[in-house]
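The values are calculated or read from the model by the stated rules, or taken from the named source; none is laboratory data. Nothing here was measured: the structure is a model prediction, and the numbers come from that model. All Cβ positions, glycine included, derive from the backbone under ideal geometry; neighbour counts span all protein chains shown. The protein model used for the area step is the full one, side chains on, heavy atoms only, and it has no ligands, DNA or RNA in it. Shrake-Rupley method; radii C 1.70, N 1.55, O 1.52, S 1.80 Å.
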Amino acid sequence: MATLNTDQQNAVTHPGGPALVLAGAGSGKTRVIIERLAWLVDERGVDPRHLLAMTFTNRAAGEMRTRLSDRLGMRQVGAWLGTFHSFGLYVLRRESEKLGRARQFTVVDDGDQLSLMKRLVKDLPGKYAPVSPREALRWISVRKQDLKAPGEETASREDETCQVLWQAYHRALAHSNGVDFDDLLVLTAQLFHDHDDVRARYGNRFAYVHVDEYQDTNRAQYVIARELVRDHANLFVVGDEDQSIYAWRGATIRNILDFESDFPGARIYRLEENYRSTRTILNVANAVVANNSQRLGKTLRTSREDTRPVRLYEAEDADDEARFVAEDIATAGLSPRDTAVLFRTHGQSRLIEQALRRKGLAYVVIGGVSFFGRKEVKDLLAYLRLVVNPDDDQAVRRVLNVPNRGIGEHTIETIEAYAAERDCRLFTVLRDIEHDQTLPLRAREGAGRFVHVVDSLAEKAKSAPLAELVDLLLKDIGYRDYVRRADERDFRTGLEIIDEFVAACVRFDEEKRSGLQTFLEELALASDVDQLDPNAPAVKLLTCHSAKGLEFDNVYLIGLEEGFLPHASAFESETEVEEERRLCYVAMTRARNRLTLSLARSRIVFGSRYQREPSRFLDEVPAALLARVEPAGSGPTRGEPKPSAAPTADPARLTMGTQVRHAQFGPGVVMYIKGTGAKMRARIRFHTGRTREFMVSVAPLEILERKKP
């Protein structure tokens with residue numbers, strides 16, 4: 001306790017009842033949670049088995065487990081420390097039958113969700129408005145996390161389409177005995193809300209509930225926490241409203257802003273001393289976020305004496321920006337391991353990658369195609385999922401003809417039709433298909449071999465280690481030969497992926513963890529950031545969102561332009577602009593010693609070159625805090641066409657029915673307008689069927705044709 005500052009000590013020794021710790025970036029929030037748990041054990045005599053702490057990433061949960069174990073000097077602490085999703089999985093594995101569901105369900109990953117939704121979108125009747133599979137999944141996810149039910153929202157034709165897809169999607173999941181990530185939260189919240197005996201049992205088991213990153217909780221997570229503490233009120237949450245950046249995936253800042261009213265008698269503790277960043281970096285970040293209205297209020301401070309200014313580079317174009325970043329890293333001799341380049345969208349990484357390669361600098365992109373997203377790994381995991389849950393229709397569809405067993409599209413359509421007619425699973429149909437003389441002999445024999453492989457693996461899985469099971473699978477289906485034949489030019493990469501997957505299975509066995517189902521669950525709950533090796537000798541390239549929770553000695557925040565940060569999608573709402581401002585604050589406070597900001601005067605956007613406006617967030621920083629790095633030259637590169645102004649429609653010329661073109665969404669027609677002048681908004685239906693609302697003064701709109709009188 002002597003090593004904690006006064007504010008941290010006050011939070012750690014909170015006597016009981018609800019408490020909110022407002023912990024600014026780099027203020028030692030994880031340490032406070034660990035010391036709080038240790039204090040309850042050491043000073044209050046609480047049995048560790050009564051402690052629950054939930055966070056958002058496996059990486060953060062693993063760090064908490066390690067630090068608490070070291071702090072208490074116990075190898076097995078007994079406290080339950082993990083993510084919200086893993087807690088939901090823990091509960092549902094034991095209680096899902098109360099919801100009419102089997103315990104041996106499969107957790108479907110993002111790829112399987114997308115494959116399923118693509119199939120459902122393809123089967124939609126023509127009367128429904130078109131939506132993309134990803135749009136439909138996002139629409140469904142946000143509403144599920146808010147604990148809404150199908151049928152509650154039909155504001156547009158697209159909403160109506162998504163409602164239909166939502167119901168079909170959940171019928172398909174239930175038919176396959178599967179759940180998605182959101183279900184792990186939604187079903188747990190439903191269980192605690194509807195079954196008081198279950199809620200009371202878990203509430204009694206976990207007498208002290210702790211939540212990290214509370215500002216990122218959604219409605220379902222809020223309900224889980226609220227229901228757990230209904231009988232004892234011992235809820236200890238740590239968060240920072242200035243780092244609430246996930247509204248687009250269901251999080252609501254209201255959970256932290258309304259904590260005192262939601263939990264009467266709550267105590268508020270503020271941690272405002274930053275141990276990470278220099279004073280200037282903090283001053284710049286504070287100057288930006290202070291412009292938000294949705295705040296509980298705090299100002300970070302630091303005792304670090306380093307007052308080097310934050311640098312700002314205004315590049316001629318995006319290529320110049322990328323060159324500057326790569327040359328600056330090389331010239332300054334920065335350690336790639338301790339350096340990160342942050343950007344708002346994944347597409348901004350391409351030019352940076354090219355520039356780093358030219359300089360011979362190693363880099364790693366966080367959030368690209370992960371190891372476990374590779375085709376070879378997904379194929380093998382599909383077989384393993386069928387061993388645990390043969391009702392998993394998505395897994396059957398993926399590998400029924402992998403490797404080729406002579407089961408063509410016509411046969412697969414027939415199998416699907418049989419399953420629908422009999423209201424049963426695909427694997428059930430496959431067991432009986434050898435007797436169906438209407439199907440080709442080769443297809444029947446192939447289906448029989450497929451069933452035999454899965455059944456043999458299921459029997460072997462009862463006693464064999466994971467690595468031995470995978471080795472048997474590879475031999476039974478001849479998967480290595482299949483990879484060689486499938487890609488003759490790059491088969492070595494595929495074989496290396498297979499070997500690395502086997503190595504991961506061997507490591508799992510060596511750690512003596514329990515069984516195939518545990519292995520599959522750990523992979524299903526993993527995220528991109530969990531795969532990050534902070535000690536890798538490479539520059540880290542990642543989005544501002546992915547950087548949350550990380551820190552680096554040197555940070556380059558690129559693309560500080562209107563349309564990138566803040567993103568163009570946020571222009572429609574001041575609430576969304578405030579979230580973009582918080583995202584900028586999060587990105588800036590990832591830097592420990594050196595922060596460099598950059599923007600481009602021109603950039604190619606959607607195939608055309610446009611002039612770019614500096615981000616409004618730069619205007620919010622006092623000029624004295626920024627040291628401008630002058631470009632090597634001025635004006636466009638010789639031979640390069642002069643950038644054209646971004647097309648922005650004149651509000652005075654825009655009326656209902658006007659034909660327009662948006663730089664990203666293409667041609668469309670104005671459905672209605674509201675407001676006047678610079679505050680005018682227009683809702684546009686595009687030829688794709690999609691509708692969006694824009695602030696006309698800043699949207700990249702071009703008027704094609706005025707409505708004829």
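Table for the structure above
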item: Within the stretch 293-309, tally of residues that are in contact with a Lys or Arg (Cβ under 9 Å, 6 or more places away or on another chain) and either crowded, with 20+ Cβ neighbours inside 10 Å or closer than 22 Å to Arg628 by Cβ (or both); result: 4
item: Residue in the stretch 177-185 that is at pLDDT 85 or above, under 30 Å from Gly16 (Cα atoms) and either of a type in the set (Asp, Glu) or touching a helix residue (DSSP H, G or I) at 6+ places or on another chain (Cβ under 6 Å) (or both) present; result: yes
item: Strands (runs of 3 or more DSSP E) lying entirely in the stretch 539-631 (those with 3 or more residues that are of a type in the set (D, E, K, R)); result: 591-605
item: Failed condition for Phe519, given (1) aromatic (Phe, Trp, Tyr); (2) at pLDDT 75 or above; (3) open to solvent by 40 Å² or more (accessible area, probe 1.4 Å); result: (3)
item: Residues of the stretch 275-291 satisfying the condition of being open to solvent by less than 10 Å² (accessible area, probe 1.4 Å) and of a type in the set (Gly, Ala, Ser); result: Ser277, Ala285
item: Enumeration of residues in the stretch 165-215 that are crowded, with 20+ Cβ neighbours inside 10 Å and charged (D, E, K, R); result: Asp180, Asp182, Asp183, Asp212, Glu213
item: Long-range neighbours under 8 Å by Cβ, at least six apart or interchain, first residue farther than 19 Å from Arg398 by Cβ within the stretch 412-438, second polar (S, T, N, Q) and open to solvent by less than 70 Å² (accessible area, probe 1.4 Å); result: Arg422/Thr428; Thr438/Thr414
item: Exclusive hit being assigned to a helix (DSSP H, G or I) and farther than 25 Å from Asn177 by Cβ, set Asp432, Asp471, Asp476, Asp455; result: Asp471
item: Which listed residue is over 29 Å from Leu137 (Cβ atoms) and of a type in the set (Lys, Arg), from Arg254, Arg279; result: Arg279
item: Residue in the stretch 526-538 that is at pLDDT 85 or above, over 19 Å from the mean Cα position of the chain (by Cα) and under 15 Å from Phe343 (Cα atoms) present; result: no
item: Residue in the stretch 324-356 that is modelled with the highest pLDDT, counting only those that are open to solvent by less than 30 Å² (accessible area, probe 1.4 Å) and of a type in the set (S, T, N, Q); result: Thr339
item: Selection from the stretch 379-428 of residues that are under 16 Å from Leu441 (Cα atoms), assigned to a helix (DSSP H, G or I) and not charged (D, E, K, R); result: His410, Thr411, Ile412, Thr414, Ile415
item: Counted residues, the stretch 566-600 - those being over 21 Å from the mean Cα position of the chain (by Cα) and modelled with pLDDT of 90 or more; result: 10
item: Members of the stretch 13-24 found to be at pLDDT 90 or above and within 30 Å of the chain's Cα centre (by Cα), listed by number; result: Pro18, Ala19, Leu20, Val21, Leu22, Ala23
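Conditions (1) open to solvent by less than 70 Å² (accessible area, probe 1.4 Å); (2) under 16 Å from Asp183 (Cβ atoms), marked per residue:
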site	(1), (2)
Leu89	yes, yes
Leu92	yes, yes
Lys98	no, yes
Arg101	no, yes
Gln104	no, yes
Met117	yes, yes
Leu124	yes, no
Ala129	yes, no
Ser132	yes, no
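The rows are residues; the columns are (1) of a type in the set (Asp, Glu); (2) more than 12 Å from Val211 (Cα to Cα); (3) surrounded by 19 or more Cβ atoms within 10 Å (Cβ to Cβ).
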residue	(1), (2), (3)
Leu4	no, yes, no
Pro18	no, no, yes
Ala25	no, yes, yes
Glu35	yes, yes, yes
Val41	no, yes, yes
Leu51	no, no, yes
Thr66	no, yes, no
Leu72	no, yes, no
Gln76	no, yes, no
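Conditions (1) crowded, with 17+ Cβ neighbours inside 10 Å; (2) touching a Phe, Trp or Tyr at 6+ places or on another chain (Cβ under 7 Å); (3) of a type in the set (S, T, N, Q), marked per residue:
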{"site": "Arg358", "(1), (2), (3)": "no, no, no"}
{"site": "Gln394", "(1), (2), (3)": "yes, no, yes"}
{"site": "Leu430", "(1), (2), (3)": "yes, yes, no"}
{"site": "Pro440", "(1), (2), (3)": "no, no, no"}
